[in-house]
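This is the structure I have questions about; it appears just below.
Read the figures in this text as sums done on the coordinates, not as results from a lab. Worth saying up front: this structure is predicted, and the values here are computed from it rather than measured. Counting neighbours? That spans all protein chains shown, and the Cβs are built from the backbone with ideal geometry, glycine included.
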Amino acid sequence: MRGTKAALSIGLLAIAIGLSPAISFDGTRTPGDATVAVPLPGSPVNRSADDLGSATPLAPVPLPPGAIGPRQAAPSPYEAFRSGTQALRQGRTDQAIAELEYAAEQGVPGAIWKLGRMYADGDGVAKDKARAYEYFRRLTMMYGDDSSDVPHARFVANAFVTLGQYYLDGLPGVLKPDRHLAREMFRYAATYYADPEAQYYLGRLYLFAEGAQQDAIQAARWLRLSAEKGDHRAQALLGEMLFRGDQISRQAARGLFWLILAKDSAGPDEGWITEMYSSAIAKANEGDRTLAHKYLEDWLKRRQ
C-alpha cells in the first residue's frame with residue numbers, strides 16, 4: 001500500500017509543477033546617478049540646533065491614560081478560517097472569501113478545502129471547476145501524506161475523490177480525461193482513508209470497466225465496503241448485482257434488502273435507483289421479500 005502511495009505522490013508531484021504562485025517584493029531606492037540637493041551654509045535649514053531665536057520651546061504634553069488603545073493583533077489563520085465560515089453562513093460572501101483566502105494562504109487545510117468546494121459547487125460564487133481543481137490539488141500535495149487519523153483527513157480524502165471525478169470526466173481547457181489516474185485517486189482515498197465515496201467510485205470502475213479491467217468480484221468488494229457505511233448509490237449497485245446474480249453468486253433476498261435501503265435514501269434526481277428497486281420488487285417471490293425485510297430489521301437494530 002505504501003508503494004502505491006509513493007507512486008501516487010510522485011505522480012501528484014508531477015502534475016503539481018507550477019502550483020505555488022511566484023511572490024515578488026518591489027522596493028524603490030534613489031538611482032545611483034540622481035542628484036541630491038545639499039543645503040547651503042547660512043540657509044534656514046542649516047541653522048544650529050541651539051539657534052532657536054526668541055521662540056519658547058514647547059513642553060511635552062502628557063497624554064491621559066488610555067488615550068492610545070492596545071495595538072490590535074492580526075487574527076490567527078484558524079481564527080480567520082472560523083470567521084470566514086461564519087460569514088459564509090450569514091451571507092457575507094465577500095468577507096468570507098477574503099478571510100478564507102487568508103487562512104488558505106497560511107496553509108489551513110479546512111480553508112483550502114472550503115474554497116475548493118465553493119468553486120466546485122457554485123456555493124456563493126460562480127462555479128469554476130478549474131479554480132476548484134487548483135485548490136484540491138494544493139490540498140492533496142500539502143497534506144496527502146498525513147496520517148488518516150488527523151482531523152483534516154476528511155478534507156483531504158474528499159479532495160482526492162473530487163480530483164478523481166475531474167480526471168474521470170476531464171475539464172475543458174484544463175484536463176483531459178485520464179481514467180487510469182482517476183482510478184489511482186479513488187484507490188488512494190478508498191484504501192488509505194477508507195472513504196465510502198471513493199470506495200463507491202472504485203467499485204463502479206471495476207463494474208463498468210472504466211479505467212480498469214472489468215472485475216465483478218472487486219466491484220462487489222468495494223461496493224459492499226461503501227454500502228456498509230451508508231452510501232446509497234453503492235447499496236443500489238450492490239443490490240442489483242446480488243439480486244440478478246450478475247457475475248457473482250445470486251442472493252436475491254440480500255440484494256433486495258440493499259435496494260430497499262438505497263430507494264429510501266435516493267434523491268429526486270436519482271430515478272435509476274428507483275427503477276432498480278421497482279424491477280427487483282416486481283420479480284421477487286414472497287420468500288425473498290420476507291427475508292429482505294428481516295435483513296432490514298436487523299440492519300436498523302444494529303444502528304440504534
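Give the long-range amide H neighbours of Leu171: residues separated by 5 or more places, or on another chain, with amide H under 5 Å away, using H modelled in the peptide plane at 1.01 Å from N.
For Leu171, whose amide H was placed from the backbone, the distant partners under 5 Å are Lys176.
Give me the dipole magnitude in Debye, nearest 20, for region 103-229 about the Cα centre, with unit charges on the beta carbon: positive for Lys and Arg, negative for Asp and Glu. Write down the numbers at each step before the final one.
Numbers: 16 positive and 16 negative charges, 42 e Å.
Using Cβ point charges on Lys, Arg, Asp and Glu, region 103-229 gives about 200 debye.
If the cut-off is 24 Å between C-alpha atoms, which lysines fall inside it for Lys176, apart from same-chain ones fewer than 8 positions away?
Output for Lys176: Lys5, Lys127, Lys129.
Run down the lysines and flag those whose C-alpha is under 30 Å from the C-alpha of Lys283, throwing out any fewer than 8 positions away in its chain.
Once the sequence-local lysines are set aside, what remains near Lys283 is Lys229, Lys263, Lys294, Lys301.
Quick one: Debye curve from the C-alpha atoms of region 184-273, no solvent, what's log10 I(q)/I(0) at q = 0.10, 0.11, 0.17, 0.24 Å⁻¹?
-0.22, -0.27, -0.64, -1.17
I've got another one for you. With a/c under 1.5 counting as rounded, go ahead and sort region 146-229 into rounded, prolate or oblate using the C-alpha gyration tensor (a ≥ b ≥ c being the square roots of the eigenvalues; past the cut-off, prolate if a/b is larger than b/c, else oblate).
Details: a/c = 2.41, a/b = 1.06, b/c = 2.28.
Oblate shape, in that a/c is at least 1.5 and b/c is the bigger or equal ratio.
Let me ask something additional. For every other residue with a beta carbon closer than 14 angstrom to the beta carbon of Ile217, add +1 if it is Lys or Arg and -1 if Asp or Glu, then tell me the sum.
On the way: positive: Arg221, Arg224; negative: Asp215, Asp246.
Local charge sum for Ile217: 0.
I need to check one value: relative contact order of region 111-180, counting alpha carbon pairs closer than 8 Å and at least 6 residues apart, in percent.
Numbers: 76 pairs, mean separation 16.5, N = 70.
Dividing the mean separation by the residue count of region 111-180 yields 24 percent.
Could you point to the residue in Thr274, Thr162, Met241 farthest towards the positive end of region 148-304's charge dipole, with +1 and -1 charges on the Cβ of Lys/Arg and Asp/Glu respectively?
Result: Met241, furthest along the dipole toward the positive end.
Still on this model: Once you order the gyration tensor axes a ≥ b ≥ c over the Cα atoms, which shape class does region 153-304 get: rounded for a/c under 1.5, otherwise prolate or oblate by comparing a/b with b/c? Can you show the working numbers first?
Numbers: a/c = 2.13, a/b = 1.81, b/c = 1.18.
Because a/c hits 1.5 or more and a/b exceeds b/c, region 153-304 counts as prolate.
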